[in-house]
Amino acid sequence: MSENVGDWSPEELEKNGHLLLSQLREHFTTLRTQPVTTTRSAQEIRAVIDEPLPTAPQPFPEILQQTWDDVRPNLTLWNHPRFHAYFSNSSSGPAILAEMFTAAMNVNVMLWDAAPAAAAVELTVLDWLAQMVGYPVAQDSVLVDGASLGTLYALAAAREQLSDLDIRQQGLAGRDLPRLRIYTSDQTHSSVDKAAITLGVGLDNVVRLPAGPTGRLDPEALRAALERDVRSGHRPLAVVANVGTTSIGAIDPVEEIAEVCAAYDTWLHVDAAYGGFWRLAPEVRPLLPDLSRADSVVANPHKVLLSPMEAGALFCRHRDALTNTFRVVPEYLRTRHEDGSVDFMNYSLQLGRQFRALKLWWLIKSFGVAGLTSRLSAAAALADGLRARARAHPDWTVENDSPFPLVCLRHRPHDRDLDDAETDELNRRVHRAVNDGRTSFVSHTVLPTGYALRISIGNIHTTEADIDALWSELTAAAERCAAPRLTERSTL
Ligand SMILES: *Cc1c(COP(=O)(O)O)cnc(C)c1O
């Protein structure tokens, strides 16, 4: 280091690695006592972090200390037992270490020859993941950074399937083409809109059918929309069905939707970003639809399967559907083709690709399906416990019906005569009050019934005590928010 050439010595790497590991040990030992969120403003955090471009080398222990002091406390700690916002996810020991190994090897999983065993691990992991989500018919699969890009790639493959339009070759603009249409429910994730923007389909051609209070896409409404469009000369590109909507964890009737798709010869993409891997939990599995007729499926190991960001899986039932969409091989990437080899650069837009599969390989092997199942089941049981408490309380209601550990709660004091707008405002205040405590972190959604607190359970560290604490915080916040207003309800 003194001469400013070369990397750290292997001894230095080990020494600094030990420092890092003991810091992580401290982090995980004290995790439950750490605030989930920061109180600092954006300006304050930027001021703490920003500094001039470093010219001289800095000692690693100092950098580590600064990260500990200034970065860590100003994060939102997703890997915290009391993080219940958005989708509560986890990063687990084996996967954390795998990230280090991956970086050390630094292979680029683009061509077989560029990363042979890494591509083999990816193939095996994809096969395991497909079994876990109940989609063993997958023929073309790839690990992606997350479900949004998985959905984009699936819809690109669906577009390629309309081979008479020859869009891959000729593009969309300046041609006399029918409108391409994507059908889905109004509960569907914004990634479908982003895909429509990117693929030249356009937001106006995402047909969002009202899901109503159940949050489910109605197959008959879908059939009617397809029929109307086909008669108008539009061209169905795909239907996107959900297994676990973002707002309330609703599940579309995928099997009936598949019937409709078959009748209109339309690609069925299933967004199981959240719901897919809950199939491992035996209490959830019987409530999940059969996915085998879907043309493509996305599911996120980084959401449910104890994997750090970024790990999404895209599965496709048709052999070569992805490669026919994305294969472009310039001379400098031409290699001999060997039986059994796979060039993952042909499966998506990515050329250079991280060895993402290793963290999944390590964690699936470390926990086994048995260990993953018991951890997911435990989360489902914690959610059942929270629902039971809310149902038993006269002032709380459970607003969603989902087999997943995603619980939408609404507070409505039984002894007060609040209208819907006042109840919305009360719930907004309860939400803020809970999050201001910084010991638990929850998010919200707006349902046909109004504003609701949305509580996702699924972090690997979460225990019954954490849910007890959350429930106490919710009820205490509700009392605090409601009490002073009893005499001045008009200002609520
Ligand atoms: C989280 C989520 C996504 C987006 O996943 P990313 O991995 O963040 O791109 C898409 N669909 C649903 C239903 C989700 O819950």
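What the Cβ-Cβ distance of residue 327 and residue 120 gives, at R0 = 30 Å and to the nearest 0.05, is a FRET efficiency of 0.90. Only Lys, Arg, Asp and Glu carry charge here, each on its Cβ (+1 for the first two, -1 for the last two); on that basis the chain has a dipole of about 520 debye about its Cα centre. Against the criterion of solvent-accessible heavy-atom surface with a 1.4 angstrom probe, 218, 229 sort, most first, into 218, 229. Per residue, the accessible area of the chain comes to 47 Å², computed with a 1.4 Å probe over protein heavy atoms only. By a 1.4 Å probe calculation restricted to protein chains, residue 303 has an accessible surface near 40 Å², given to the nearest 10.
As a calculated quantity, the FRET efficiency between residue 26 and residue 168 at R0 = 45 Å, using C-beta atoms, amounts to about 0.30. Note on the range 138-287: dipole from Cβ charges, positive end direction compared against 197, 240, 162; the farthest Cα belongs to 197. Computed from label points 7 Å out along Cα-Cβ, the spacing between residue 285 and residue 428 is 4.5 nm.
Computed from label points 7 Å out along Cα-Cβ, the spacing between residue 3 and residue 64 is 2.6 nm. Computed packing ranks the peptides 388-396, 360-368 as 360-368, 388-396, most packed first, by mean other Cβ atoms within 10 Å.
Here the Karplus curve 6.51 cos²θ - 1.76 cosθ + 1.60, taken at θ = phi - 60°, turns the phi angles of the range 162-174 into couplings of 7, 5, 5, 7, 6, 6, 4, 7, 9, x, 9, 6, x Hz, with x standing for Gly and Pro. Counting only protein heavy atoms and using a 1.4 Å probe, the accessible area of residue 40 comes to about 100 Å². Note on residue 263 and residue 106: their simple-model spin labels are 5.7 nm apart, each label 7 Å out from Cα toward Cβ. Overall, the accessible surface of the chain at a probe of 1.4 angstrom is composed of carbon and sulfur to the extent of 52 percent. Each peptide in 433-446, 97-110, 262-275 gets a packing score, the mean of other Cβ atoms within 10 Å over its residues, and the list from highest to lowest is 262-275, 433-446, 97-110. Taking 0.36 nm per residue of sequence separation and removing the Cα-Cα distance, the residue 438/residue 420 pair yields an extension gain of 3.7 nm. Rounded to the nearest 20 debye, the dipole size of the range 202-246 about its Cα centre is 40 debye, using +1 on the Cβ of Lys and Arg and -1 on the Cβ of Asp and Glu.
Eigen-decomposition of the gyration tensor built on the alpha-carbon atoms of the chain gives equivalent ellipsoid semi-axes of 37, 35, 21 angstrom, largest listed first.
The values are calculated or read from the model by the stated rules, or taken from the named source; none is laboratory data. Remember, it's a predicted structure, so these values are computed and weren't measured experimentally. A quick note on method: Cβ atoms are made from the backbone with ideal geometry, for glycine too, and the neighbour counts reach across all protein chains shown. These area figures cover heavy atoms from the full protein model, side chains too; ligands, DNA and RNA do not enter into them. Shrake-Rupley method; radii C 1.70, N 1.55, O 1.52, S 1.80 Å.
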